[in-house]
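Asker: This structure is in structure tokens; I'll ask about it shortly.
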Amino acid sequence: MDKIRKHALQTQLGLNETTRRDFIRNALAVGVSLPLSMSMARQVFAATPKKGGIFRQAITGGSTTDVLDPAQVLDMYMANVSYGQIRNNLTEISADGSLVGELAESWESSSDASTWTFEIRKGIEFHNGKTLDAHDVVASLNHHRGDDSTSAAKSIVEAVVDVRADGSHVVVIDLSGGSADFPFLLSDFHLSICPAKEDGGIDWESGVGTGGYILESFDPGVRTVTKRNPNYWKENRAHFDGIETLFIADVGARTSGILSDSLDAITRVDLKTINLLERNPNIKIIQTTGNQHYTLPMLTDTAPYDNNELRLALKYAIDREKWKKVIVRDYGKLANDHPIGPGNRYYDGEIEQRAYDPDKAKFHLKRAGYDGIDLDLHVAETAFEGATDGAQLVQDSARKAGININIVREPNDGYWSNVWQQKPWCASYWAGRATEDWMFSLVYASGAAWNESHWSNEKFDRLLLQARAELDSNKRRDMYGEMQRLVRDEGGSVIPIYASFVQAISNNVHTPEELGNNLEFDGHKNAERWWFGD
């Protein structure tokens with residue numbers, strides 16, 4: 001058939017200029033067979049976003065201590081609500097992993113990448129009708145800065161020396177040194193833009209933002225309801241009439257919810273029973289593989305974990321192959337006790353993979369001064385799906401090295417406030433980050449707010465600053481490789497596995513062909529990128 005006419009038909013449909021019946025009639029008129037015409041109609045209509053419906057999703061990682069302050073987002077539930085629904089950032093990581101402008105229309109840097117200038121889009125309104133300008137951006141970024149800041153993003157903006165408005169829609173940011181990846185950092189889900197207050201602070205309490213959805217109700221640790229922003233500035237985004245986001249920590253309850261059609265999407269599918277969902281014709285399984293990894297961080301400023309020989313003993317006492325088979329059911333890859341994954345640009349695949357070795361574990365335990373030792377490992381399923389089973393695997397494999405592990409089961413609610421970074425050894429996870437500097441700065445730099453092992457290493461910190469400012473790609477690769485080795489051999493976290501994001505959605509939920517893998521749920525942009533079909 002005439003390919004040009006076929007494309008024209010698809011274009012008409014994509015622009016909503018015809019109905020399905022008209023599409024088939026027109027296709028028949030240009031010589032397309034009836035079966036092919038119907039098939040084309042199904043494909044194109046399914047790929048055309050439609051408005052309408054209330055999208056019901058269940059996410060883990062919520063807590064009764066959650067607040068709307070973007071600086072205090074502790075897990076994926078609030079990341080989806082704050083960053084994915086009600087607010088926008090200056091920049092955004094697209095589904096293909098590239099960086100695109102969000103509230104920033106464009107940006108440029110000085111020759112040494114120490115000064116960055118951002119052009120802010122014009123004509124964007126907050127939910128309360130206020131027009132976005134450069135002062136909102138300045139106040140929002142300054143919200144994370146200062147000696148008194150408790151922001152989880154404090155380490156990300158630590159290099160910022162000054163943020164200033166140059167007119168109503170230009171923001172200039174001066175850094176203490178060059179940072180080739182700085183625009184990537186501004187896509188972090190803590191750095192969402194809120195309305196500025198007259199005193200220079202920001203209004204985060206109201207939940208007002210520039211995002212695709214407007215906050216209607218917020219019940220921390222239970223439920224959040226939003227409705228579509230009728231004045232959303234992004235074209236062809238935010239298709240649902242509203243979003244109901246539920247915090248459901250129990251994987252059985254999440255599974256029952258989507259099986260009974262009371263939920264449209266769930267995160268963290270139970271891999272032990274995933275076959276039940278796969279057999280259901282009304283449910284689709286979505287798998288995306290990025291840099292998500294499971295960790296068992298030890299507080300390196302607390303005995304006995306302040307002894308690196310003990311930390312090495314525990315790293316050799318983990319049977320990673322069993323983790324891959326039992327915990328992620330082969331939906332993942334072996335990790336090597338550092339956080340840089342195969343999806344990162346400077347991932348060093350030449351580093352020898354650490355394997356389970358009880359004899360080496362005993363050797364390092366002896367060098368630490370112990371013939372045997374009793375340790376507590378604190379876990380909850382909100383840390384990652386299968387955390388309790390993972391702890392039991394550690395308990396079994398470590399016993400052969402003379403390490404006796406007592407598993408302390410903690411409540412899901414309040415885990416990220418009361419256990420993580422509080423107990424000497426616990427379970428955790430990271431979605432990974434788009435750049436090495438971002439991941440290392442957020443979690444491994446000395447004094448970083450989210451340095452979950454309280455690790456501090458002068459050589460690592462020095463390399464971090466050097467690599468950040470280095471514009472030569474080969475030199476950066478060498479530096480980041482050395483940093484991966486430092487974390488592997490001296491860091492405070494056992495990192496056994498890279499885990500794929502595995503989610504389940506109802507068949508009537510449609511998604512773009514390419515999904516973001518930087519975070520779960522399409523990079524937590526599912527609320528504005530997904531839609532209901534027929």
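The values are calculated or read from the model by the stated rules, or taken from the named source; none is laboratory data. A quick note: this is a predicted structure, and the numbers were derived from the prediction, not measured. Reconstructed Cβ throughout: ideal geometry from the backbone, glycine too, with neighbour counts over all protein chains shown.
Asker: Does any residue in the range 80-108 that is within 13 Å of N518 (Cβ to Cβ) come within less than 8 Å, Cβ to Cβ, of a residue that is assigned to a strand (DSSP E or B) and of a type in the set (F, W, Y) six or more places away or on a different chain, and which pairs are these?
Answerer: T91/W107
Asker: Determine if the range 400-412 includes at least one residue that is touching a Ser or Thr at 6+ places or on another chain (Cβ under 8 Å) and part of a strand (DSSP E or B). Lay out the reasoning, then the answer.
Answerer: First, the residues of the range 400-412 that are touching a Ser or Thr at 6+ places or on another chain (Cβ under 8 Å): 407, 409, 412.
Filter once more, so that each one left must be part of a strand (DSSP E or B): 407, 409.
Yes, because at least one residue in the range 400-412 is touching a Ser or Thr at 6+ places or on another chain (Cβ under 8 Å) and part of a strand (DSSP E or B).
Asker: If I go through the range 389-419 residue by residue, how many of them are under 20 Å from R367 (Cβ atoms), aliphatic (A, V, I, L, M) and touching a residue at least 60 places away in the same chain (Cβ under 8 Å)? Give the derivation first.
Answerer: Within the range 389-419, the first condition is being under 20 Å from R367 (Cβ atoms), and the residues that meet it are 397-405.
When the remaining residues are screened for being aliphatic (A, V, I, L, M), the result is 398, 401, 403, 405.
Narrowing further to those that are touching a residue at least 60 places away in the same chain (Cβ under 8 Å): 398, 401, 403.
Qualifying residue count for the region: 3.
Asker: Still on this structure, please answer the following. Quick check, is I340 touching a residue at least 60 places away in the same chain (Cβ under 8 Å), assigned to a strand (DSSP E or B), hydrophobic (A, V, I, L, M, F, W, C) and farther than 20 Å from C426 by Cα?
Answerer: No, not satisfied.
Asker: Within the group D174, D203, D147, D112, which residue is free of Cβ contacts under 8 Å to residues at least 60 places away in the same chain and more than 25 Å from K234 (Cα to Cα)?
Answerer: Working: D174 fails: free of Cβ contacts under 8 Å to residues at least 60 places away in the same chain; D203 fails: more than 25 Å from K234 (Cα to Cα); D112 fails: free of Cβ contacts under 8 Å to residues at least 60 places away in the same chain.
The unique qualifying residue is D147.
Asker: Within the range 159-231, which strands (runs of 3 or more DSSP E) (wholly inside it) include 1 or more residues that are of a type in the set (F, W, Y)?
Answerer: Values: elements: 160-165, 170-175, 213-219, 223-228.
Because the criterion is at least 1 residues that are of a type in the set (F, W, Y), the strands (runs of 3 or more DSSP E) in the range 159-231 that meet it are 213-219.
Asker: Being surrounded by 19 or more Cβ atoms within 10 Å (Cβ to Cβ), of a type outside the set (D, E, K, R) and either at pLDDT below 95 or assigned to a loop (DSSP other than H, G, I, E, B) (or both) is the filter here, so list the residues in the range 256-276 that pass it. First the steps, then the outcome.
Answerer: Pass one, the range 256-276, residues surrounded by 19 or more Cβ atoms within 10 Å (Cβ to Cβ): 257-258, 263-271.
In the following step, the residues that additionally are of a type outside the set (D, E, K, R) were identified as 257-258, 263, 265-267, 269, 271.
L263, T267, V269, L271 - these are the residues of the range 256-276 that are surrounded by 19 or more Cβ atoms within 10 Å (Cβ to Cβ), of a type outside the set (D, E, K, R) and either at pLDDT below 95 or assigned to a loop (DSSP other than H, G, I, E, B) (or both).
Asker: Within the range 289-340, which residues are over 29 Å from Y370 (Cα atoms) and surrounded by fewer than 21 Cβ atoms within 10 Å (Cβ to Cβ)?
Answerer: Initially, the range 289-340 is screened for residues over 29 Å from Y370 (Cα atoms), giving 289-293, 324-333, 340.
Within the range 289-340, T289, K324, K325, V326, R329, D330, Y331, K333 meet the criteria.
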